[in-house]
Ligand code: BGC
């Protein structure tokens, strides 16, 4: 086990949004294991967020829970303000919060459309903006990281793969792709690295219907050439690497972590 000073995210402060469940929890745990102090943001489930914090602490890491709705400007600003007040600054943002409100196009309500855009896209903008403001103000701390800050957007294979019955979700992730790249272009001169992770099917509450019965799981596996459904740890490990200086030259890109879901598996024996 690496000592705390040799861990690759030692002395760094991270905010992970939507960290009380699913991929966010996996990322928060992995960043803490790598030495970061982690703000475990949650929307409503304080108990689950506190469990994540307790788990991190048990393993010798540092974490606090913070309630904020990422789609609300004042709540996001307050979360960043308090984080910076408590820990001095911020080095890593993993903007992970995301929701689904599924319906066919003709049945989709404006509310379903708007909620998904608000959380999945506006939430990314609001969090990235606050992170960038702090990173620009503080600049590079050579002894901590080569970058002034790292922004990781949690996207999806559906930033590329169209998704019938989920037009709000696919539109939010497609929009996120160019939000991330445009921010990357704009923030590079400030030494701020901006990237996305695009998970495929990862076993979490958001998609439990897709894997919880053997039939559903079999169907889902047809879409995954590598032959297994992902675990949140698969994403956590990638996030910890992407946030570290080992990935210092990785900028403005989407890293697909999907067991090959984006390889058009339907073409393997057809076309
Ligand atoms: C969605 C999941 C889905 C996966 C692969 C994710 O972005 O949130 O519900 O299983 O993409 O389709």
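Here, each number is a calculation from the coordinates, and none is a lab measurement. Keep in mind the model is a prediction, meaning the values are calculated, not measured. Every residue, glycine as well, gets a Cβ built from its backbone with ideal geometry; the counts of neighbours run over all protein chains shown.
The helix-based estimate of mean residue ellipticity at 222 nm for the chain, built from -39,500 (n - 2.57) per DSSP H run of four or more residues and divided by its residue count, is -12500 deg cm²/dmol to the nearest 500. Here the peptides 214-227, 7-20 are ranked by packing, the mean other Cβ count within 10 Å, and the order with the highest first is 7-20, 214-227. Working ranking of peptides 54-62, 76-84 by packing, defined as the average number of other Cβ atoms within 10 Å per residue, highest first, is 76-84, 54-62.
Would you mind getting me the FRET efficiency between residue 222 and residue 55? Use the beta-carbon distance for r and R0 = 45 Å, nearest 0.05. That gives a FRET efficiency of 0.85. Highest average first, the peptides 86-97, 244-255 ordered by how many other beta carbon atoms sit within 10 Å of their residues are 86-97, 244-255. Plainly put, the range 166-267 has a radius of gyration that is 1.03 times its Kirkwood radius, both from alpha-carbon atoms, as the Rg/Rh ratio. By the beta-carbon count within 10 Å of each Cβ, the least crowded to most crowded order of 197, 23, fewest first, is 197, 23.
Of all beta bridges that DSSP places with both ends in the range 8-263, some 0 percent have antiparallel geometry. Ordering 256, 264 by the number of other Cβ atoms within 10 Å of each residue's own Cβ, fewest first, gives 264, 256. Here the range 171-225 was treated as a single set of alpha-carbon atoms; its pair distances binned every 10 Å from 0 give 20, 32, 24, 18, 6 percent. Relative to the compact-globule estimate of 2.2 N^0.38 Å, the Cα radius of gyration of the range 1-82 comes out at 1.06. Given the options 133, 146, 228, which has the most mean-square fluctuation in a GNM of the chain, springs set between C-alpha atoms less than 10 angstrom apart? For the chain, modelled as a Gaussian network with Cα springs under 10 Å, the answer is 133. Relative to the longest principal axis of the C-alpha atoms of the chain, give the angle of the C-alpha long axis of helix 232-243, reported between 0 and 90° and rounded to the nearest 10°. Between the helix axis and the principal axis of the chain, the angle is about 40 degrees. Largest first and in whole Å, the equivalent-ellipsoid semi-axes of the range 1-152 read 28, 18, 13, each the square root of five times a Cα gyration tensor eigenvalue. Remark: C-alpha extents of the chain on the principal axes read 53, 42, 39 Å, sorted largest to smallest.
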